[in-house]
Amino acid sequence: MRGPLDRVVHLLDVFFKGVALSAGVAVIATVAVISYGVLAREALHLSDVWVTEVTTYLMAYMTFVGTAALAWQSRHLKIDVLGHHLNDGGRRVLAAFSTLVMSAVAVVIAVLAAQFWWDAYTSVERSWGMFSFPLWIPYLCLVAGALLLSLVQLVRLATIVFARRELARDLSVDELVLGRDK
């Protein structure tokens, strides 16, 4: 895993730290918007018709784009049932197989998301809320998240498949798949 793949992994580390930070900012913005909505509605008796629309878009960003960052940082939910019963070679094959399946699922989701986005773009659908945004704009979160998740899984697969034997001996399968510092 030396050379170009190492550089790609390093660039993705930096990129996904920024993505995770932006998702964190979206969480803080969501809390602020909802807090304003509660205060405006209950204490000041003001209308807050835009709060639901804005929080929906922020949650779409956090969910779909944040998923890829969590997957890259290996902070997603996973259950290791078979790995404890296999040797290192078996764990590596299992890791490659599960990453291949996840890659295929992520690519299918990305293709379907792109078709969904394109339909919203060509039909000029607009949101129901106060801002009446063209819906292709928030749907980009789904497309971007699915494409980023596909990228994450394909790089993980390349890391497993193309790791040098010397490196594979020095690292555990978890370190090989997830990275040393993840």
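The values are calculated or read from the model by the stated rules, or taken from the named source; none is laboratory data. On a predicted model such as this, the values are computed, not experimentally measured, just so you know. Glycine also receives a Cβ, built like all others from the backbone with ideal geometry; neighbour counts cover every protein chain displayed.
General observations
- Among (1) more than 14 Å from residue 142 (Cα to Cα); (2) in a helix (DSSP H, G or I); (3) in contact (Cβ under 8 Å) with a residue 60 or more places away in the chain; (4) of a type outside the set (Asp, Glu) - the single one residue 93 does not satisfy: (3)
- Filter result for residue 143 (more than 24 Å from residue 25 (Cβ to Cβ), part of a helix (DSSP H, G or I) and either at pLDDT below 85 or not aromatic (Phe, Trp, Tyr) (or both)): no
- For the residues 15, 116, 97, the requirement of being surrounded by fewer than 18 Cβ atoms within 10 Å (Cβ to Cβ), of a type outside the set (Gly, Ala, Ser) and more than 19 Å from the chain's Cα centre (by Cα) singles out 97.
Here's the yes/no breakdown for (1) over 19 Å from residue 19 (Cβ atoms); (2) in contact with a Cys (Cβ under 9 Å, 6 or more places away or on another chain):
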| residue | (1), (2) |
| --- | --- |
| 57 | no, yes |
| 70 | no, no |
| 98 | yes, no |
| 105 | yes, no |
| 115 | yes, no |
| 118 | yes, no |
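- Qualifying residue in the stretch 22-45 (condition: modelled with pLDDT under 90, in contact with a Phe, Trp or Tyr (Cβ under 8 Å, 6 or more places away or on another chain) and either of a type outside the set (Phe, Trp, Tyr) or surrounded by 13 or more Cβ atoms within 10 Å (Cβ to Cβ) (or both)): no
- Residues satisfying the stated conditions in the stretch 20-59, i.e. over 28 Å from residue 148 (Cα atoms), assigned to a helix (DSSP H, G or I) and among the hydroxyl-bearing types (Ser, Thr, Tyr): 35, 36
- The listed residue being on the phi > 0 side of the Ramachandran plot and of a type outside the set (Phe, Trp, Tyr), out of 10, 45: 45
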